[in-house]
Amino acid sequence: MPQNVPIVIGGPTASGKSQLAVDLALALDGVVINADASQVYKSIPIISAAPSEEETSKVPHRLYGYLADEENGNVVSWLELAAEEIRRAWQAGKTPVVVGGSGMYLDNLINGVTPIPEVAPDIRRQALEIMQNEGAEGLWRRLYKVDAAGAAMVNPADATRVRRAFEIFMTTGVSIAEWFTRPMVKKLPETEFFVIRLLPDKAVLDRRCNLRFDIMAASGAIDEVKELLSRGLDPSLPVMKAKGVPELAAFLRGETSLREAVETAKLRTRQYAKRQLTWFRNKLKADVTLPQCYGGEKEIINNVKNQYKMLPKSGK
């Protein structure tokens, strides 16, 4: 088996990549590591399409549901944890299988990140307080006063990126625009990656997106959103913006019918999947490309397994 070569699986929502990760982990004595920005949250396993109990009982799964809903997950903190889980898998003699649809997470894992220092805890608290009192746009206006270049790089309504840009400047005194010009640093510099991408036909993917949302809506997704609303969480939090949450929340507040909410959620899910397809096609360099959704085909597992095992011990 090759050493220091994690498997990375990327693809659009509803393409079967989670099942592929489980089947490869079974075939290669692996550990599945999450790289989906929504599946990190505790309270939305259904609406985020997190792995089922049946899947998690077959092989170990890591970095699913580890964040409280009140937290702002980001790629920097995820990378630290992902690197730890990959090394832990190696120490246990297992194959790390990283899987997700969040392109930024996979890109930063493979190609590195800007070398931004850790944000000071007091600055983080300050940013959260401002956001709670003034909203994302209020924090953006404060950012613009001290760092116009950094403010120009983020959407004022994007709470996560506005907060990140503000925290970085207030901690380091250097604009996020300047940090992004500096050389990338890899969390796992000793590592090469075996990358698999799924690029199914859009029409097939659209049908799968529609079907999956119907199943989620009938399986408890509405109850998940109802629970989030009952806690009065800030609408700008990432968990409140997960695919399907805003639409079902609108239904639960009486602003639209269930049918309208579901149809809108399906549309936005399909639009998101289309953007993912474009990103993975153009941005993710892969060793293996599957031109279809994965549905448990043994031939695919055997082919990928053989290609992976043929890598030299030291990597590619």
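Among (1) 20.0, 59; (2) 21.3, 69; (3) 23.8, 85, which one is Rg and Dmax of the Cα atoms in Å computed from these coordinates? Matching the structure shown: (1). Check the straight Cα-Cα distances from K309 and name the lysines below 22 Å, setting aside those fewer than 8 residues away within the same chain. Leaving aside lysines fewer than 8 places away in the same chain, those within reach of K309 are K17, K58, K94, K285, K298. Looking at segment 89-138, the GluC sites (Glu not before Pro) that sit in a DSSP loop and have at most 16 other Cβ atoms within 10 Å of their own Cβ are E118.
Legend: Rg and Dmax of segment 201-316, from Cα coordinates, 19.0, 59 Å. From the Kirkwood radius over Cα pairs of segment 121-179, Stokes-Einstein at 20 °C and 1.002 mPa s returns a whole-number translational diffusion coefficient of 199 µm²/s.
If R0 is taken as 25 Å, the Cβ-Cβ distance between K316 and R275 corresponds to a FRET efficiency of 0.30. Take the alpha-carbon centre of segment 1-75, take the same for segment 157-231, and report the distance between them in whole Å. Each part reduced to its Cα centre gives a spacing of 13 Å.
Distant-in-sequence amide contacts of G30, defined by a placed amide H-H separation under 5 Å and a gap of 5 or more residues or a different chain, comprise T95.
By the Stokes-Einstein formula, at 0.692 mPa s and 37 °C, segment 191-253 with its Kirkwood radius over alpha-carbon pairs has D equal to 235 µm²/s. Summing +1 for each Lys or Arg and -1 for each Asp or Glu among the other residues whose beta-carbon sits under 15 angstrom from that of I110 gives +2. Taking 16 Å as the straight-line reach from the Cα of K266, the lysines in range (excluding those fewer than 8 positions away in the same chain) are K202, K241, K243, K274.
Taking a sphere under 12 Å around the Cβ of L211 and counting the other residues whose Cβ falls inside, with K and R at +1 and D and E at -1, yields a net charge of +3. With the cut-off at 1.5 for a/c, could you classify segment 256-298 from its C-alpha gyration tensor as rounded, prolate or oblate? Here segment 256-298 falls in the oblate category.
Values quoted throughout were computed directly from the atomic coordinates according to the rules given, and no laboratory measurement underlies them. Treat the numbers as computed from the prediction; the structure is a model and nothing was measured. Glycine gets a Cβ as well: all are built from the backbone with ideal geometry, and neighbour counts include every protein chain shown.
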